[in-house]
1. May I ask you to compute the full-extension gain from residue 283 to residue 169, defined as 0.36 nm times their residue separation minus their alpha-carbon distance, rounded to one decimal in nm?
2. In what sequence, highest mean first, do 341-348, 60-67, 403-410, 96-103 appear when ranked by Cβ atoms within 10 angstrom?
3. Quantify how much of the Cα-Cα distance distribution of segment 333-377 extends past 14 Å, in percent.
4. Rounded to whole Hz and in sequence order, give me ³J(HN,Hα) for segment 213-225 from the Karplus expression 6.51 cos²θ - 1.76 cosθ + 1.60, θ = phi - 60°, writing x for Gly and Pro.
5. Once the Cβ-Cβ distance between residue 369 and residue 394 is put in as r, and R0 is 30 Å, what FRET efficiency do you end up with, to the nearest 0.05?
6. Estimate the FRET efficiency between residue 234 and residue 295 by the formula 1/(1 + (r/R0)^6), using the beta-carbon distance for r and 22 Å for R0, to the nearest 0.05.
7. Based on the Cβ-Cβ distance from residue 242 to residue 385, what FRET efficiency comes out when R0 is 45 Å, to the nearest 0.05?
8. Can you list the residues, at least 5 places off or on another chain, whose amide H is less than 5 Å from the amide H of residue 347, using H built in the peptide plane?
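Just so it is clear, none of the values below were taken in a lab; they were calculated from the coordinates. Predicted model only: the values in this text are computed from it and were never measured. Ideal geometry is used to build each Cβ from the backbone, glycine not excepted, and the neighbour counts take in all protein chains shown.
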Amino acid sequence: MQLILSKLNNNKVCSFIFKYKIFFVISLISIFLFLSGFWYPFYFFASAVAIVFYLFSKPTDILCLLMFSEMFSVVQHYFMIGQIAGVVSLLIHYIIDVVKKRKKVAVIPLALTLFILVCYSLIHYRIDQNGIIQGLNIIFVLVGTYLIFVMNKDIDILKSLKFLTLGLLVSIVLSLFSLAFSNYSFDVAPFDGVYYRLKLFTYHTNYLSMLCLFLISFSVYKIANKKDKFLFNILEIILCLVVGILTLSKAFLVVFVGIVCYVLILLIIKFKKKSLRVILPVLAGIAILCFIFNDFVIDMLERFLAYNKNNSLINQITTGRSAIWQLYVNDIRSSVLKMLFGVGLFTADLIDIGSHNTYLFVVHRFGFIGVILLCLLAYSYLKSKETKFDISFKKLLPLFVFLVLGLEETILTDRFFVFLMFAIIVLLDEKESSKIDKSYLKIDEMLNK
């Protein structure tokens, strides 16, 4: 199997660029067939090709394809099959490396993962199709987390994230074309049908805003650690900021303000009194963008500050989420068994839209004993012999963004868990880049004068 993989990856016809071009064309056709309502005949062929590409790709290439497809997850079944194939492919690579003694088994994390999955697969209350999908998602997350963690040295995060940016650019262009369709439904339109909030082809405006926040956080991380091209990182931040504003997401506004505060603190720590030379241009740039998109900024603020006398203030600020949270809290408190052991992996959600809170989702599914087991699992990863973490302030932003967004959405799912792993991997003690963009050196020299 290893010989076959090696030959295929070294073959020009089966190179990553070739696979990416085919994958791009298939995604493009899938979107437009989906828009026109005639995509089902093409679905099986597209899924089969995607599975083959995932199975015969290297770990970094798998994540590149997954990152690109994040922006086209409106075709949900096609997207989910690709992710399953991606995890299976990572598993095959890992098993081969273990057999060949190129990698070791992380015994304690693996044992805890399997124990949690087996135990909580046996706990269930009311099962339906959505509950089964949720359970499979949790299995996908825990298995995928283990695989990405033990294979982190084989993964080029920066390359993977570039394909998420590329997917964003392509989805913007395709959205302009899709506006020419007069008979599309708002389920697949580039704008939300109620508030006309930008969503492109990510299925939901909140998903798009979160993807933009993740990209901004990693771009700031790259600048702070002098990785990648400085100009590329700046352009990436500007693009994501513009798209994020157009989503009219309240969470985007709050988290972006937090990112700005983080950047200001970082500048003060690094340059001290001379930090004003950078802080003022940064604030000026943000002010200019807000001025250009002032209508959207005002709409976002109005959504944030709007008050309805028939609704509580906290429920209004959280856009109805606090009422959902209370529903889940009540269900957890309804039984001692639920408080201790949760409702299990495959129990149906209380409502279709879910808990809208990652931490509440985890407590509801696993109970307090399960939360302790998950904390032990996280601790086992942190204390793994093969890893050494560098928890410095300039590397914490991606993790901070993920943890904050978990308060308003259930993001520990098959879509977003990879960003948590990326955020953790950047904390691993790694060597400084041998090649540093000259722009960073010029900026340091200018500010240190």
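1. The residue 283-residue 169 span can extend by a further 38.5 nm.
2. Taking the mean over residues of other Cβ atoms within 10 Å, the ranking is 60-67, 341-348, 403-410, 96-103.
3. Tail of P(r) above 14 Å: 47 percent of Cα pairs.
4. Result, ordered by residue: 5, 4, 5, 4, 5, 6, 5, 5, 4, 5, 5, 5, 9 Hz.
5. After rounding to 0.05, the efficiency reads 0.25.
6. Once the sixth-power term is evaluated, E becomes 0.35.
7. My answer for the efficiency is 0.50.
8. The answer is 125.
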